[in-house]
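The values are calculated or read from the model by the stated rules, or taken from the named source; none is laboratory data. Being a predicted model, the structure only gives us computed values, none of them experimental. Reconstructed Cβ throughout: ideal geometry from the backbone, glycine too, with neighbour counts over all protein chains shown.
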Amino acid sequence: MHRPISLRQDLKSLWNLYWYFKKEKPAIIHSITPKAGLLSMMAGKLAGVPVRMHTFTGLIFPHKYGYMKRTLIIMDKILCRCATHVYPEGRGVKEDLQKHNITNKPLKIIANGNVNGVDVDYYHPEAFSEENKKQLRASLRIKEEDFVFVFVGRLVIDKGVRELVKAFDALSKQHQNIKLILVGPRENAHNPKKRAMFHTINQNQKIITVGFQDDVRPYYAVSNVLMLPSYREGFPNAVLQAGAMGLPSIVSDIPGCNEIIEHEVNGLLVPKKNHQELQKAMEKVFKNPYFLLNLKKNARNKVVESFDKNFVWQELKKEYENALDKLKLQKK
């Protein structure tokens with residue numbers, strides 16, 4: 001299955017899914033990503049799968065224009081028409097589905113949002129020893145007294161990296177002992193819109209880039225605060241993972257992010273696309289250690305109480321069981 005729209009490949013995938021469902025006869029299929037959702041819901045309906053669930057982790061079309069936007073809206077409407085159950089991952093996604101009249105089906109948020117929850121034992125403040133952290137900091141040329149901000153995600157405009165780099169660059173000229181770690185791949189680095197951003201990243205010695213990492217925990221472990229000044233999010237895993245490891249987050253005040261972060265409780269909310277306010281928030285946590293300590297305590301508590309994977313999985317299991325119970329009643 002190819003991620004971009006490709007009529008030939010998509011029809012082939014639809015055909016393969018249809019015959020797979022016909023052969024295996026599942027009682028439930030549950031899709032998550034947009035392309036897989038559209039094709040599996042269509043194939044499932046054609047094959048007679050009785051329970052067809054889809055979770056929207058975010059919507060793409062609100063940020064597109066013209067023909068592409070209209071096409072994506074039609075695709076989402078077809079997906080919902082073919083599904084028997086539609087779940088938005090968070091409040092913001094639910095509001096967008098309703099606002100754009102994508103479906104009139106009931107929209108239920110499972111648990112407190114987030115499609116999978118977080119393994120709070122794997123993402124734990126004590127996952128790494130002090131010696132391990134000391135070695136990693138040394139390998140990254142981070143001094144013991146340095147205050148470290150970290151970003152985890154694709155280095156793209158929509159993630160707010162341009163504003164983050166601009167804010168940090170200004171802050172780093174005022175303070176010596178700060179660092180910024182960028183964990184994630186560079187995409188379209190030669191795009192003219194990104195040229196100045198990557199120039200600053202390359203020139204500022206206090207910005208450390210490590211590329212894509214299979215395991216991001218070591219970088220949370222040596223950092224003080226997670227940064228996610230994104231323009232749009234479904235329900236950001238990075239904020240949950242960082243919180244589980246005891247890191248507060250500075251995030252954009254947008255749906256998804258503001259469903260996890262409560263302002264000045266377990267992090268800070270800032271207006272999106274505003275590097276000045278972002279810089280002020282970064283300076284606030286940097287200059288106020290007691291304030292930061294309180295945020296750190298609340299960060300892990302919030303994730304453990306509301307987004308532990310075992311809790312999310314139990315709630316999802318209940319959805320499956322309820323759907324199967326209704327199916328049995330219909331067959332009687």
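Quick test for you: out of ALA281, ALA244, pick the one residue that is more than 18 Å from the chain's Cα centre (by Cα), among the aliphatic types (A, V, I, L, M) and modelled with pLDDT of 95 or more.
Being more than 18 Å from the chain's Cα centre (by Cα), among the aliphatic types (A, V, I, L, M) and modelled with pLDDT of 95 or more holds for just one of ALA281, ALA244, which is ALA281.
Restricting attention to segment 230-259, which residues are over 20 Å from PHE128 (Cβ atoms) and in contact with a Phe, Trp or Tyr (Cβ under 6 Å, 6 or more places away or on another chain)?
Scanning segment 230-259 gives a single hit, GLY256.
I want to confirm something. Restricting to segment 84-100 and keeping residues that are at pLDDT 95 or above and more than 18 Å from the chain's Cα centre (by Cα), which single residue is nearest to ALA244 (Cα to Cα)?
Applying the filter and picking the extreme gives VAL86.
Which residue out of GLY66, GLY92 is under 24 Å from GLY234 (Cβ atoms) and buried (at least 19 other Cβ atoms within 10 Å of the Cβ)?
After applying the criteria, what remains is GLY92.
Please pick out the residue among LYS297, LYS318 that is in a helix (DSSP H, G or I) and assigned by TED's automatic domain parsing to the domain that holds ALA27.
Of the residues listed, the single one that is in a helix (DSSP H, G or I) and assigned by TED's automatic domain parsing to the domain that holds ALA27 is LYS318.
Is there any pair with a first residue in segment 320-332 that is without any contact (Cβ under 8 Å) to a residue 60 or more places away in the chain and under 16 Å from ALA83 (Cβ atoms) and a second that is polar (S, T, N, Q) and surrounded by 14 or more Cβ atoms within 10 Å (Cβ to Cβ) whose Cβ atoms are under 6 Å apart and which are 6 or more apart or on different chains, and what are they?
none
Which residues, counting only those in segment 67-126, are under 30 Å from VAL216 (Cα atoms) and either in contact with a Cys (Cβ under 8 Å, 6 or more places away or on another chain) or in a helix (DSSP H, G or I) (or both)?
Selection gives ARG91, GLY92, VAL93, LYS94.
Considering only residues that are out of contact with any Asp or Glu (no Cβ under 9 Å at 6 or more places or on another chain) and closer than 16 Å to MET75 by Cα, look in segment 35-51 and name the one that is surrounded by the fewest Cβ atoms within 10 Å (Cβ to Cβ).
It comes out as ALA36.
For ILE254, indicate whether it is over 29 Å from LYS143 (Cβ atoms), of a type in the set (A, V, I, L, M) and modelled with pLDDT under 95. Spell out the reasoning first.
Numbers: over 29 Å from LYS143 (Cβ atoms): yes; of a type in the set (A, V, I, L, M): yes; modelled with pLDDT under 95: yes.
It is true that ILE254 is over 29 Å from LYS143 (Cβ atoms), of a type in the set (A, V, I, L, M) and modelled with pLDDT under 95.
Which residue pairs have Cβ atoms closer than 6 Å, lie 6 or more positions apart in sequence or on different chains, and pair a first residue in segment 304-318 that is closer than 18 Å to GLU259 by Cβ and touching a residue at least 60 places away in the same chain (Cβ under 8 Å) with a second residue that is of a type in the set (Asp, Glu) and outside any helix (DSSP H, G or I)?
Filtered contacts from segment 304-318: LYS309/ASP119.
Quick one: count up the residues across segment 190-220 that are more than 14 Å from PHE149 (Cβ to Cβ) and not acidic (Asp, Glu).
Of the residues in segment 190-220, 20 are more than 14 Å from PHE149 (Cβ to Cβ) and not acidic (Asp, Glu).
Kindly indicate whether any position in segment 232-241 is touching a residue at least 60 places away in the same chain (Cβ under 8 Å) and touching a Pro at 6+ places or on another chain (Cβ under 8 Å).
Looking through segment 232-241, at least one residue is touching a residue at least 60 places away in the same chain (Cβ under 8 Å) and touching a Pro at 6+ places or on another chain (Cβ under 8 Å).
Starting from residues that are assigned to a loop (DSSP other than H, G, I, E, B), farther than 20 Å from ASN202 by Cα and of a type outside the set (Phe, Trp, Tyr), keep the ones in segment 127-142 and report whichever is nearest to the chain's Cα centre (by Cα).
The residue in question is ALA127.
Considering each residue of segment 112-149, count those that are among the aliphatic types (A, V, I, L, M) and farther than 26 Å from VAL93 by Cα, and give that number.
6
Any chance segment 185-206 includes a residue that's of a type in the set (Gly, Ala, Ser) and in contact with a Pro (Cβ under 9 Å, 6 or more places away or on another chain)?
No: segment 185-206 contains no residue that is of a type in the set (Gly, Ala, Ser) and in contact with a Pro (Cβ under 9 Å, 6 or more places away or on another chain).
Looking at segment 12-34, which of the residues that are of a type in the set (S, T, N, Q) and either part of a helix (DSSP H, G or I) or on the phi > 0 side of the Ramachandran plot (or both) is surrounded by the most Cβ atoms within 10 Å (Cβ to Cβ)?
Of segment 12-34, the ones of a type in the set (S, T, N, Q) are 13, 16, 31, 33.
Checking which are either part of a helix (DSSP H, G or I) or on the phi > 0 side of the Ramachandran plot (or both) leaves us with 13, 16.
Working: SER13: 19, ASN16: 13.
Selected residue: SER13.
Report, ordered by the first and then the second residue, all pairs with beta carbons closer than 7 Å, sequence separation of six or more or different chains, a first member in segment 96-114 that is touching a residue at least 12 places away in the same chain (Cβ under 8 Å) and at positive phi, and a second member that is surrounded by 15 or more Cβ atoms within 10 Å (Cβ to Cβ) and among the small types (Gly, Ala, Ser).
Final answer for the pair search is GLY113/GLY90.
Of all the residues that make up segment 197-241, how many are more than 18 Å from LEU164 (Cα to Cα), modelled with pLDDT of 95 or more and in a helix (DSSP H, G or I)?
5
If you check VAL251 against the conditions, is it among the β-branched types (Val, Ile, Thr), touching a residue at least 60 places away in the same chain (Cβ under 8 Å) and closer than 25 Å to PHE168 by Cα?
So VAL251 fails the test.
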